[in-house]
Amino acid sequence: MIAVKVNSVKKTFKAEKSVVTALQQINFEVSKGELFGLIGPDGAGKTTLFRILTTLMLADEGAASVDGFDVVRDYKEIRKRVGYMPGRFSLYQDLTVEENLSFFATLFNTSLEENYDLVKAIYQQIEPFKKRRAGALSGGMKQKLALSCALIHRPSVLFLDEPTTGVDAVSRKEFWELLRDLQKHQITIIVSTPYMDEASLCDRVALMQNGKIMEINSPKGITENFKKPLWAVRGENMYQLMQTLQASEAIDSCYPFGQYHHVTFTHAIPDSQVASELAKIASVVEVKRIPATIEDCFMELMRQ
Amino acid sequence: MKQFLFFIQKEFYHLLRDKRTLFILFGMPVVQIVIFGFALTNEVKNSRIAILDQSKDEATASIIQQLEASQYFDIEKNLQSEADIEPAFREGKIKLVVVFPSQFQSTLLHTNTAPIQLIADATDPNVANTLTNYASAIILDYQNNIRGNQDFPYTIETEMRMLYNPQMKGSYNFVPGVMAMVLMLVCAMMTSISIVREKEIGTMEVILVSPMVPLRVVIAKMVPYLLLSMINIGSILVLSVFALDVPIQGSLLLLVFECFLFTITSLALGLFISSVTNSQQTAMLISLMGMFLPTIMFSGFMFPVENMPLPLQVISNVVPAKWFYYIVKAVMIKGLGFFSIWKETLILAGMTTVLMLISIKKFKTRLE
């Protein structure tokens, strides 16, 4: 069953003297109960897409439906059944955890008790602080509370706009575990993130850049599509190494990735000769063959 | 309904937990009434004056005594010669010098007329004017007294009565003005800020993507400020009656009803501001510049509208505070009934309806 369907959606914004295209020709479908990720840098159009799907904005062209309801015509129906956590969502700082939750529960004509089983896993983590004002919570706690607020009415589709931005690594990991947990309740989740490493946690991801979807696939499918052998290279002077490699004709691509540079060659070279080939160009300390990650695929797609 | 009530409760939490703002909202009307009532006033009292008495006879002594006895003047010093006048003003303490020529009484008795010179420091023209008027009145009073002793026909006496405000108190003017100002500030500014804040922190997006009807969100926002304003009106009225001795001549019920109406007007204005702005700063600036200043300038509370050039007089008609100010003065000070102010009330009600309709229409169900 299809939970979300987007059909050639286009959206432009009028800037001062020009027209900015935020989204062009967006097409995708999300099945019920799927955890779907929108991966892309800031300005890729993720938030605009969310706003169109949550009926907050109207697309210039194309159509979209959520849970079988048209986002323009049946916007009232959609507003009853989706959960939305905007990117800059920061709850009511001067209300306590409990008050925030009961406010959003009442907003959707429900109560905390009614859907307790759904938010239980999350709520138990923040329950010790339920009398504390939301403004006094840590970043990770705030996001968990916001997630509880978005879930309180048992939405059929949950839209999370960059829920883990600005949250520490441990809390991010916990947050994603919570999302995976929610799938048991047959809730469709669409989540956007600028962090490539989170992509592998989704069922399927759409890689977005400049208002376009470059590829939609499972994380595994995306990395498998990366056909060229990928090498991690380390040298004494990393910056100089990158410049030398990028200037070389034998090297197709080279960009920094943690402690290493990820390198591909223009022509196929047998694995055994790679070290010596590289030594001809620059002084290298360590070379090893590695599997491609989502970020490598994203960089590759961007170059095309 | 439960939704709606909870929303109102939430607004009260916001309001009550922001202690500093709350203190200002409740304290402001009290402070303003006290300041306007006691400190800022157009009345001139206990002005320091100097006397140059070159005659020193019974008549001058009598006039000087009456000047001293009035609450308007304090005689700071007696000058010895005309050369002292200029230095006395230069010191800056003296506002007025009363000069009696030599042989004042005998001139008066023999020729039936005698001059007195009043020299005023006109760096502040209004004060100078007021002081010379006071002094003239006291001198005229003396003249009438001595005239009574003689048989002197054909005198025309002007008898003045200051209606509604016999003591010419400034607070009669300020109380209605402060009411308009406070209501504008509390309702228009606070409502617009509180709605725009929800936009800023992103909760408005979530509220929009919910089954709650947007109109209810707005009304729920208004309720606490409506209540707060009614409390403020109460404290202003209590203060003005008991501390400033400004009585409520007309019907209290009518007065409260008119205040209620103006509160709604201000709330509608606040709602309108919030629908055209996206940040708290802008909302605050627009409320201050676009609402507060016109209220002070065009309501007639500080500057008489009748004296303004015609274009400004026309503009003043669109300022709701002007009508409210007129109504409050009519009901509170003059004690008029509804039939004397129904036109103004209707104008105010019309403005409120139009503003409400526009802002509700402008309140978006989407983000753009």
Inside the stretch A:228-237, the number of residues satisfying the requirement of being assigned to a loop (DSSP other than H, G, I, E, B), touching a residue at least 24 places away in the same chain (Cβ under 8 Å) and farther than 14 Å from A:ASP296 by Cβ is 2
Any chance you could count how many residues in the stretch A:140-165 are without any contact (Cβ under 8 Å) to a residue 40 or more places away in the chain and either polar (S, T, N, Q) or surrounded by 24 or more Cβ atoms within 10 Å (Cβ to Cβ) (or both)? 3
So which residues in the stretch A:165-193 are touching a strand residue (DSSP E or B) at 6+ places or on another chain (Cβ under 9 Å) and more than 16 Å from A:LEU35 (Cβ to Cβ)? A:THR165
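Working carefully through the options B:PHE36, B:PHE23, B:PHE6, find the one that is in a helix (DSSP H, G or I), in the same structural domain as B:ALA243 (by TED's automatic domain parsing), in contact (Cβ under 8 Å) with a residue 60 or more places away in the chain and over 30 Å from B:GLN105 (Cβ atoms).
B:PHE36
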Considering every residue within the stretch B:277-289, establish whether at least one is surrounded by fewer than 23 Cβ atoms within 10 Å (Cβ to Cβ) and under 20 Å from the mean Cα position of the chain (by Cα). yes
So for the stretch A:9-21 (the condition being under 27 Å from A:CYS149 (Cβ atoms) and surrounded by fewer than 18 Cβ atoms within 10 Å (Cβ to Cβ)), does at least one residue qualify? no
Scanning the stretch B:290-307 for residues that are more than 26 Å from B:GLU200 (Cβ to Cβ) and aliphatic (A, V, I, L, M), the one farthest from the chain's Cα centre (by Cα) turns out to be B:VAL305
Could you please let me know if B:ALA330 is more than 24 Å from B:ARG216 (Cβ to Cβ), part of a helix (DSSP H, G or I) and of a type in the set (Gly, Ala, Ser)? yes
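Just to be sure, is A:GLU215 part of a helix (DSSP H, G or I) and under 30 Å from A:LYS11 (Cα atoms)? Reasoning before the result, please.
On the way: part of a helix (DSSP H, G or I): no; under 30 Å from A:LYS11 (Cα atoms): yes.
For A:GLU215, the condition - part of a helix (DSSP H, G or I) and under 30 Å from A:LYS11 (Cα atoms) - is not met.
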Contacts under 6 angstrom Cβ, first residue in the stretch B:279-296 being closer than 13 Å to B:VAL186 by Cβ and in contact (Cβ under 8 Å) with a residue 12 or more places away in the chain, partner crowded, with 21+ Cβ neighbours inside 10 Å and not aliphatic (A, V, I, L, M), 6 or more apart: B:SER287/B:SER192
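Going by the conditions given, is A:ILE39 within 20 Å of A:THR188 (Cβ to Cβ), in contact with a helix residue (DSSP H, G or I) (Cβ under 7 Å, 6 or more places away or on another chain) and surrounded by 18 or more Cβ atoms within 10 Å (Cβ to Cβ)?
Values: within 20 Å of A:THR188 (Cβ to Cβ): yes; in contact with a helix residue (DSSP H, G or I) (Cβ under 7 Å, 6 or more places away or on another chain): yes; surrounded by 18 or more Cβ atoms within 10 Å (Cβ to Cβ): yes.
Against the criterion (within 20 Å of A:THR188 (Cβ to Cβ), in contact with a helix residue (DSSP H, G or I) (Cβ under 7 Å, 6 or more places away or on another chain) and surrounded by 18 or more Cβ atoms within 10 Å (Cβ to Cβ)), A:ILE39 qualifies.
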The correct count of residues that are of a type in the set (Val, Ile, Thr), surrounded by 13 or more Cβ atoms within 10 Å (Cβ to Cβ) and free of Cβ contacts under 8 Å to residues at least 60 places away in the same chain in the stretch A:166-188 is 1
Could you tell me how many of the residues in the stretch A:196-227 are touching a residue at least 40 places away in the same chain (Cβ under 8 Å) and of a type outside the set (A, V, I, L, M, F, W, C)? 13
Answer yes if at least one residue in the stretch A:82-89 is assigned by TED's automatic domain parsing to the domain that holds A:THR12, surrounded by 23 or more Cβ atoms within 10 Å (Cβ to Cβ) and charged (D, E, K, R), and no otherwise. no
Would you list the strands (runs of 3 or more DSSP E) that sit entirely within the stretch B:60-132 and hold 1 or more residues that are free of Cβ contacts under 8 Å to residues at least 40 places away in the same chain and touching a Phe, Trp or Tyr at 6+ places or on another chain (Cβ under 9 Å)? B:117-120
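A quick yes/no check of all residues on (1) over 21 Å from A:LEU91 (Cα atoms); (2) of a type in the set (A, V, I, L, M, F, W, C); (3) away from chain A (no Cβ under 11 Å):
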position	(1), (2), (3)
B:GLN3	no, no, no
B:GLN9	no, no, no
B:LEU16	no, yes, no
B:LYS19	no, no, no
B:LEU25	yes, yes, yes
B:VAL31	yes, yes, yes
B:PHE36	yes, yes, yes
B:ALA39	yes, yes, yes
B:VAL44	yes, yes, yes
Residue among A:ASP181, A:ASP197, A:ASP168 that alone is over 23 Å from B:ARG197 (Cβ atoms), out of contact with any Ser or Thr (no Cβ under 9 Å at 6 or more places or on another chain) and more than 13 Å from chain B (Cβ to nearest Cβ): A:ASP181
Do you know which residues across the stretch A:130-184 are more than 29 Å from B:TYR13 (Cβ to Cβ) and either part of a strand (DSSP E or B) or touching a His at 6+ places or on another chain (Cβ under 7 Å) (or both)? A:VAL157
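The values are calculated or read from the model by the stated rules, or taken from the named source; none is laboratory data. Everything quoted here is computed from the prediction, not taken from an experiment. Ideal geometry is used to build each Cβ from the backbone, glycine not excepted, and the neighbour counts take in all protein chains shown.
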